[in-house]
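Here's the structure we're looking at; comments come further down.
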Amino acid sequence: MTKCCCCIPLKIGVIIISSLWLAGGVYQTTNGIINIISPDRTDEPNRVGNIRGPIIAAIVLYGLVTIGAAFGLFVVLFANTPKMLSIYSKIAYCIAAIYIISNLVEVIAIVLSKSKFLEDCKVYSNSSTESQAEKDSACLSMYNSIFKYIIIVAVIAILLVLYYTTIISAYARERKANEDAKHDQNHQPHT
C-alpha cells in the first residue's frame, strides 16, 4: 500500500487519520464528561447511556484514544522515526479495538433497550387519534429504523477504523524499509 484512499501520500493520510481520531477522542471524552456533570442529561428517558458506569468507561477509553492520537500526530509531525512509527502502529491497533468495541457495545445497548424504547415510545406518543395497534406499529417501525441506522453506521465505522489502522501500519513499514535501504547503502564496502 503506497497511498491512502488511492491518491493521498501515506504520511498525509496518517496525519489526517490521527487528526480525525484526536478530534473524535476529544469529542467523545468531552461528551462523556458533560453527561456525568449534567444530571439532567443522564436522566433523559430514551437515552441508552443513562448509566454512569458505562459513561465513565467511555470517558477513560476515549481519553486513551485522544492521548494515542495526539502521540501519533506528534510522531508523524516531529519524531518521524521507524521506531516511533512502529510504536504508533501498535497504539493504532489499540485505538481500533476501542472503536470496534464501542460500536459493538452501542449495537448491543440498542438491542437490550428495545423493550424500554418501545414502552417509552408508547407513553410519549401523544396522538389521541391513533389506536394502540397503530402506536405499537409506529414505535416498532421507529425502533427498527434506528436499529438499522446504528448497524450501518457501526459496520462503516469498523471498516474505516480497520482501513485507517492498515494505512498507519503501511506507513510505518514504508519508513522502516526506506531507513533500512539508506542504512544498507551507507554501509556497503567501497571498491
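A few remarks follow.
- Exposure proxy ranking, count of Cβ atoms within 10 Å, fewest first, for T166, T2: T2, T166
- For the chain, relative contact order (Cα pairs under 8 Å, six or more residues apart, normalised by length) works out to 28 percent.
- Remark: C-alpha extents of the chain on the principal axes read 94, 34, 21 Å, sorted largest to smallest.
- About its Cα centre, the dipole of the stretch 3-184 is roughly 620 debye, where the only charges are +1 on Lys and Arg Cβ and -1 on Asp and Glu Cβ.
- For the options V76, V153, V14, a Gaussian network treatment of the chain with springs between C-alpha atoms closer than 10 Å singles out V153 as fluctuating the most.
- Projecting the Cα atoms of A23, V76, I150 onto the charge dipole of the stretch 3-184 (Cβ charges, centred on the Cα centre) puts V76 farthest toward the positive pole.
- Shown for the chain are the DSSP H helices of 18 Å or more along their axis, judged by Cα atoms, with a mean Kyte-Doolittle hydropathy of at least 0.0: 10-37, 52-78, 82-112, 132-186.
- Residues R175, R52, ranked from the fewest to the most other C-beta atoms within 10 Å, line up as R52, R175.
- Once the chain from N178 to K148 is taken as fully extended at 0.36 nm per residue, the excess over their C-alpha distance is 6.3 nm.
Computed from the coordinates by the stated procedures, all read-outs in this text should not be read as laboratory data. The model shown is predicted, which means the values in this text are computed figures rather than measured ones. When we count neighbours, we look across all protein chains shown, and the Cβ atoms used for this are built from the backbone with ideal geometry, even at glycine.
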